[in-house]
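> Quick one: structure below, then a few questions.
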Amino acid sequence: MGTDIPLFHYVVLSGILFTIGGVGFMVRRNILFSLLSIEVLLNAVNLALVAFNRMRPQNHTGHILTFFVIAAEAAEVAVGLAIVIALYRLKRTVRVDEADLLRN
Amino acid sequence: MDILLALSPVVAVSVGALLLMLAEAFSKQRAGLALGAAVIQATGAVFAGALWLYGIESLNGLDVLEPWLIIDRFSLFFHMVICLGGALAALLAGGYLREHRIERGEFYALILFATIGAMMIASAGDALTLFIGLETMSIGAYALTAFRRGSQRSAEAAVKYFLLGSFAAALLLYGFALVYGATGHTDLQGIAAALRGPAGSHPLSLIGMLLILVGLAFKVSAVPFHAWTPDAYEGAPTPATSYMAVVVKAGAFAMMMRVLLVGFGDPRSMSAFAGWPPVIAGLAVVTMTVANLIAGRQESVKRMLAYSSIAHAGYLLVGLVATIRSGDALSSVLFYLLTYTVSTIGAFGGLILCGSYGRESVSFEDLAGLGKRHPAVALPLAFFAMSLAGIPPTAGFFGKWYLLKSAMEGGFHWLAIIMLVNSVLGAYYYLRVLVFLYMREPAPGAPVAVPMKSGYVATALILAGALVIWLGLCPDGALDLAAKATLAGR
């Protein structure tokens, strides 16, 4: 123990992570980078939850939610990578802008 | 015992899903799986209906489940709608997958697990169970979209759906994390109680609420957060599309209603001029108008139905706004969701029936003249398109009627007028289906659609059709059901 980092710093860091993830998701056209950006977003979520829970040590709501987020995300990424591999096998590309069959 | 009884709809579908996977693994026969999946979901609906009649209020000890799972009449209503939609979609899949040579047992298992997720969302009273239910439902839906493995369109649709779906889930979660920071609660009733106090004006809770709203708008595919919907709906195999349009949408709306009406139901977050209702009203107007305008320009019927489902989400949002003032607006929204469910499943089923292996009918041109060549095949599609357009005596008419009525009673006349204009706009592209079916001849040399034959699809269409007529002729019973589906904690 002995750390006295104020809560504010955690919240700001989590906000920065969230911004990086969000901008990365919208700017990058490579699907793998989009997946990574989503992971960064979720890490921002986890950091925020754990930090807020530190402020309220009487229960573990934030901690428990964090564990569930980690577990559910692992499952989601497994399905997501399978879909990306399926796309790569068919089109030999992992770029969103080259996947353009479905249009108005 | 009471707890097991209260959870019996979810337990029935869960046990059924596991048994179906076992049956799939140990038997070479695929034919019965569709029927099995439909029966399992129908069982879930029957359990929910039995609980409804028995009276969920008389069960003791349900507070052990709270706040994680709240079994009230609202969730039972959604359990019935979700199971009904899932069962009909499974029947459609039974015909479609066999015809198009992609039948594998996983499809039905995925449908069942996604249904469990949707049922969990409908009764979730805490961000934790909400998230788990959402992921269970969404992961199943992503896999269903990508099910046609040899098709580039299917893979592309799944990628787009997956990326935007998980992005939306992340936004929703970050919103809940911030609200947790401000209020110290992740359960919806706790959030509502805390928001009545000083936490209600805390910047974190405001930003959190905004993020939650955006995440929810993504999930119910409101414009401008709808970009994934047409692509995902068009690329997915048609039964998966119908499942997404019905069950996933019902799950998303259950989540939206519970979060907004219970979690953000305090006077400061829920009034006609502040909080979420003005945002939702704006989203509703943009969603209805944009979706209807774009839907009229589509060449593909499947894509047109995707935009039409976005437009219907807009109508539902109008009803959601009206709930803040008018007491029975919630029942109109639930009733509309029921009519939308049976009409949409029927419309996609009718489209499935019009095509066969190698000749899937997707565009308006494919349908040209079908009404003359195969009247019996064209009839369902025409009938359900009329119900979606809201022409009496079909279910869609009373759905729209009651929504308009609640919007008027709530004092949102301008919303009601915009909705009315939009329904007229919507009638254009639904009637276009009828024009192509009955008044056009296929272009010379163009491939003509050959209808398929399937008992499963026919059964699903007859069931959906009977419900559409029943809801259209005597809506009182179902409306009464919806009126009793009150939301605990409101």
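None of the figures in this text is laboratory data; all of them are computed from the coordinates on show. These numbers were taken from a predicted model, which means no experiment stands behind them. No Cβ is skipped: glycine too gets one built from the backbone with ideal geometry, and neighbour counts run over all protein chains shown.
> Rounded to the nearest Å, what's the spacing between the alpha carbon centres of region B:116-159 and region B:54-109? Just the number, please.
14 Å
> Across peptide A:44-53, how many C-beta atoms of other chains are within 10 Å of each residue C-beta, on average?
Taking all residues of A:44-53 together, the mean is 5.
> Still on this structure: Could you grab the relative contact order for chain B? Cα pairs under 8 Å, six or more apart, rounded to a whole percent.
16 percent
> Would you give the gap between the C-alpha center of region B:209-255 and the C-alpha center of region B:352-382, rounded to a whole Å?
27 Å
> In addition: When the expected Rg is taken as 2.2 N^0.38 Å, what fraction or multiple of it is the alpha-carbon Rg of region A:7-102?
So the Cα radius of gyration is 1.32 times the expected 2.2 N^0.38 Å.
> Per residue of A:87-97, count partner chain C-beta atoms within 10 Å of its C-beta, then hand back the mean as an integer.
Average neighbour count from other chains, rounded to a whole number: 3.
> In whole Hz, with x marking every Gly and Pro, tabulate ³J(HN,Hα) for region B:397-411 from phi via Karplus 6.51 cos²θ - 1.76 cosθ + 1.60, θ = phi - 60°.
Once rounded to whole Hz, the list reads 5, 5, x, 5, 4, 5, 5, 4, 4, 5, 5, 5, 5, x, x.
> Take peptide B:233-239, look around each residue's Cβ out to 10 angstrom, count Cβ atoms belonging to other protein chains, and average those counts.
Other-chain Cβ atoms within 10 Å of each residue's Cβ, averaged: 1.
> Follow-up. What is the fewest-to-most order of A:HIS60, B:HIS312 by other Cβ atoms lying within 10 Å of their Cβ?
By the 10 Å Cβ count, ascending, the order reads A:HIS60, B:HIS312.
> Please identify the trypsin sites (Lys or Arg not before Pro) of region B:80-147 that satisfy two criteria: DSSP loop assignment and at most 15 other Cβ atoms within 10 Å. Which are they?
Answer by residue number: B:ARG101, B:ARG104.
> Okay, next question. Find how many whole Å separate the alpha carbon centroid of region A:69-104 from the alpha carbon centroid of region B:30-48.
Using only Cα atoms, the two centres lie 31 Å from each other.
> Which loop trypsin sites (Lys or Arg not before Pro) in region A:70-104, with loop taken from DSSP, have no more than 16 other Cβ atoms within 10 angstrom of their Cβ?
A:ARG92, A:ARG103
> For the protein assembly as shown, build the charge dipole from Cβ charges (+1 Lys, Arg; -1 Asp, Glu) around the Cα centre, then report which of B:ALA427, B:LEU84, B:MET452 sits farthest towards its positive end.
B:MET452
> Taking the alpha-carbon set of chain B, what are its Rg and Dmax in Å?
Using the Cα atoms of chain B, the pair Rg, Dmax is 21.3, 71 Å.
> Which three extents, in whole angstrom, do the alpha-carbon atoms of the protein assembly as shown cover along their principal axes, largest first?
Computed over the protein assembly as shown, the largest-to-smallest principal extents equal 81, 55, 48 Å.
> Counting other Cβ atoms within 10 Å of each Cβ, which chymotrypsin sites (Phe, Trp or Tyr not before Pro) in region B:348-414 have at most 13 and sit in a DSSP loop?
B:TYR357
> I need the peptides A:8-20, B:40-52 ranked by packing, meaning the mean over residues of other C-beta atoms within 10 angstrom, with the highest value on top.
B:40-52, A:8-20
> What per residue convex hull volume, in Å³, do the alpha-carbon atoms of region B:271-490 yield?
Cα convex hull per residue, to the nearest whole number: 119 Å³.
> When only Cα pairs under 8 Å and 6 or more residues apart are kept, what is the percent relative contact order across region B:261-386?
Taking the mean separation of contacting Cα pairs over the length of region B:261-386, I get 21 percent.
> Counting each DSSP H run of 4 or more residues in the protein assembly as shown as -39500 (n - 2.57), what helix-only mean residue ellipticity at 222 nm follows after dividing by all residues, to the nearest 500 deg cm²/dmol?
-24500 deg cm²/dmol
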